[in-house]
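Comments concern the structure below.
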Amino acid sequence: MSKIIVCRCEDVTLHEIDEAIEAGHKDLESVKRFTGFGTGFCQGKQCVALCARLLAERGGEVATMPITPRPPFHPVAIHALAQLVRDDDEDAT
Amino acid sequence: MIDREHARPPALPSAPLPESADVVIIGGGIMGLATAWNLARLHEGKTPLRIVVIEKGYLCGGASGRNGGGVRAQWASETNIRLMKRSIALCADFATRMRINVWFRRGGYLFLARTDERAKQLAASAELQREHGLPTRVIEPGEVKEIVPELDVSRVVCASWNPDDGVVFPWPFVWGYARAAVSLGVSLHTHTAVEDLVTEGSRVVGVVTSRGVVRAPRVLVCAGAWSPTITEKVGVTLPSKPHRHEICSTEPLKPFLRPLVGDLQNGLYFSQSMRGEIVGGISNERVPEGLDQRSSARFLGLYAKALSEAMPILGHVKILRQWAGCYDLTPDGNPLCGEVDEAPGLFLMSGFMGHGFMIAPIMGELFAKHLLFGEERELFDRWNLRRYREGKLLSESMILG
Ligand SMILES: Cc1cc2nc3c(=O)[nH]c(=O)nc-3n(C[C@H](O)[C@H](O)[C@H](O)COP(=O)(O)OP(=O)(O)OC[C@H]3O[C@@H](n4cnc5c(N)ncnc54)[C@H](O)[C@@H]3O)c2cc1C
């Protein structure tokens, strides 16, 4: 059978989602951690809706969806983020 | 990655909650699960112990699923050095024993000193570590450069280096303990919250949960930063406080960074995970009080500034995700363990600061031996909550973040 990719950043397959659910992970946060979906470059923007639907179709807990989004909204370079520190911030040494 | 036969970490309560047990463990983080597994394992062959673990959320929802996975034996106190050394040995065997990949990588820990005073402290700690058989050495900036050529060492006086320290990926560690515990008969209930304690006089004899009451002669509080919210049900105020600690990771890079680099001056630390990401954080005193797991832009700024100064080449690398968890801070930097004098039947295993993950493999074992066979009296006396009443505080100066 050919592989069906559900999370393109982390190469997570439909098979792995099924396996996670079979292993007892029935809420989206747990499935995310078990398979790693949504932890790559897009941070779930492309896959979270699909994975939530797959979980719901397989009898998962859908009440608490979706997963906590992780900032930054888009990947940002470290030298740009360094500009966020205010000059008067005493903790910046 | 998943070994089918063994892929059974239950995420939802499958069975009804038992009405009684021999031991109830509050909290399904690494402490609770390591303790549960060790209790079950060490009691095998005898009348099985009925062990119930109650977790209010999903596995990995607490600090155990949010940490940096750093495991090191470079500490300043004799007890921490001794215990961490044993813990790291357990980490090294974990994958084989539990049949789960925990991405353990022994790249060492490199602690940078930027003042003479700090250099002296590191030298004294390194000597103590060598007395305990660790290969720790204090090295010159030149040698630091050999280990991590990309570091800017212009402000570095010296560094403390132990090549045997390492990093792990925390999640499979938690699942590994969970399924090993369950396979030995431990009853694990996620998505079930402890709401109150059942008492008879001052004695604690069970828990009231969102799914019913479980009575047990021993109730263990392994609730990490939430522990004070449990003990306050019986009027016991803990000296420990939750302190939000933030962390982030970058896009994956080709493996290039061998050790975890730590700077005790500003609390900056970073390492490269087996997935290639640079994972790290920094000390931040000014965070909202209490149990707060939100992320802040200020953290990103502080971390990014310190990191790009320590290793300028990382300036172009992008941060992908940030998150936060709570440290469980005690005033003297040492944990709160053992039975609570004011509430017999209630046992603590909390206050593990920012190093509860690395110490859990050994503390789970010692706590189980203490409960089952009365071993490790000295340690559990020293780390007992009563030291705060008696004014016998301890110390540890190599706290990071
Ligand atoms: C960002 C960050 C980085 C860190 N880095 C490191 C590191 O590199 N190395 C290291 O060793 N340590 C590190 N730590 C510290 C480490 O993660 C913790 O010390 C350790 O995970 C504590 O484990 P625990 O099981 O005691 O607590 P937790 O993992 O927090 O588990 C407690 C559990 O109790 C549950 N609970 C709470 N209240 C209730 C209730 N009423 N009923 C039922 N369940 C309840 C919670 O949901 C939680 O799952 C870090 C921590 C953070 C936040």
Pick from the range B:232-251 the residues that are crowded, with 17+ Cβ neighbours inside 10 Å and polar (S, T, N, Q): which of them is nearest to B:W323 (Cα to Cα)? B:S249
Is it the case that the range B:93-108 has a residue that's of a type in the set (S, T, N, Q), surrounded by 15 or more Cβ atoms within 10 Å (Cβ to Cβ), touching a helix residue (DSSP H, G or I) at 6+ places or on another chain (Cβ under 7 Å) and at pLDDT 95 or above? no
When B:W323 is run through (1) open to solvent by 10 Å² or more (accessible area, probe 1.4 Å); (2) out of contact with any helix residue (DSSP H, G or I) (no Cβ under 7 Å at 6 or more places or on another chain); (3) on the phi < 0 side of the Ramachandran plot; (4) not assigned by TED's automatic domain parsing to the domain that holds B:R155, the failure sits at (4)
Condition set more than 6 Å from the ligand (Cβ to nearest atom) and among the basic types (K, R), scope the range B:57-83, selection nearest to the other protein chains (Cβ to nearest Cβ): answer is B:R72
Out of the range B:158-186, which residues are within 14 Å of the ligand (Cβ to nearest atom), away from chain A (no Cβ under 14 Å) and within 27 Å of B:A21 (Cβ to Cβ)? B:Y177
Among (1) open to solvent by less than 60 Å² (accessible area, probe 1.4 Å); (2) touching a helix residue (DSSP H, G or I) at 6+ places or on another chain (Cβ under 8 Å); (3) touching a residue at least 40 places away in the same chain (Cβ under 8 Å), A:A52 falls short only on (3)
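Just give me the residues in the range A:66-93 being of a type in the set (A, V, I, L, M) and in contact with a Phe, Trp or Tyr (Cβ under 7 Å, 6 or more places away or on another chain), in sequence order. So that I can check it myself, show each step before the final result.
Initial filter on the range A:66-93 (of a type in the set (A, V, I, L, M)): A:67, A:76-78, A:80-82, A:84-85, A:92.
Within the range A:66-93, none qualify.
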B:I54 passes all but one of (1) open to solvent by less than 10 Å² (accessible area, probe 1.4 Å); (2) within 6 Å of the ligand (Cβ to nearest atom); (3) more than 20 Å from B:F367 (Cα to Cα); which number fails? (3)
Specify which of the listed residues (B:R258, B:R244, B:R203, B:R218) is within 14 Å of the ligand (Cβ to nearest atom) and not β-branched (V, I, T). B:R244
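Would you confirm whether any residue within the range B:232-240 is in contact (Cβ under 8 Å) with a residue 40 or more places away in the chain, closer than 19 Å to B:R386 by Cα and either near the ligand (Cβ under 10 Å from one of its atoms) or in a helix (DSSP H, G or I) (or both)? First the steps, then the outcome.
First, the residues of the range B:232-240 that are in contact (Cβ under 8 Å) with a residue 40 or more places away in the chain: B:234-236, B:238-240.
This time we only want the ones that are closer than 19 Å to B:R386 by Cα, so: B:234-236, B:238-240.
After this cut, where a residue has to be either near the ligand (Cβ under 10 Å from one of its atoms) or in a helix (DSSP H, G or I) (or both) as well, the list is B:234.
Checked the range B:232-240: at least one residue is in contact (Cβ under 8 Å) with a residue 40 or more places away in the chain, closer than 19 Å to B:R386 by Cα and either near the ligand (Cβ under 10 Å from one of its atoms) or in a helix (DSSP H, G or I) (or both).
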Of the listed residues (B:S183, B:S187, B:S202, B:S210), the one being of a type in the set (S, T, N, Q) and either surrounded by 21 or more Cβ atoms within 10 Å (Cβ to Cβ) or at positive phi (or both) is B:S187
List the number of the failed condition for B:H245; all other conditions in (1) in contact with a strand residue (DSSP E or B) (Cβ under 9 Å, 6 or more places away or on another chain); (2) away from chain A (no Cβ under 14 Å) hold. (2)
One residue from A:K26, A:K45 being of a type in the set (K, R) and either away from chain B (no Cβ under 11 Å) or open to solvent by 80 Å² or more (accessible area, probe 1.4 Å) (or both): A:K45
Going by the conditions given, is A:T64 more than 8 Å from every other protein chain (Cβ to nearest Cβ) and modelled with pLDDT under 90? yes
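The values are calculated or read from the model by the stated rules, or taken from the named source; none is laboratory data. Keep in mind it's a predicted model, so treat the numbers as computed, not measured. Every residue, glycine as well, gets a Cβ built from its backbone with ideal geometry; the counts of neighbours run over all protein chains shown. Heavy atoms of the whole protein, side chains included, go into the accessibility calculation; ligands, DNA and RNA do not. Shrake-Rupley method; radii C 1.70, N 1.55, O 1.52, S 1.80 Å.
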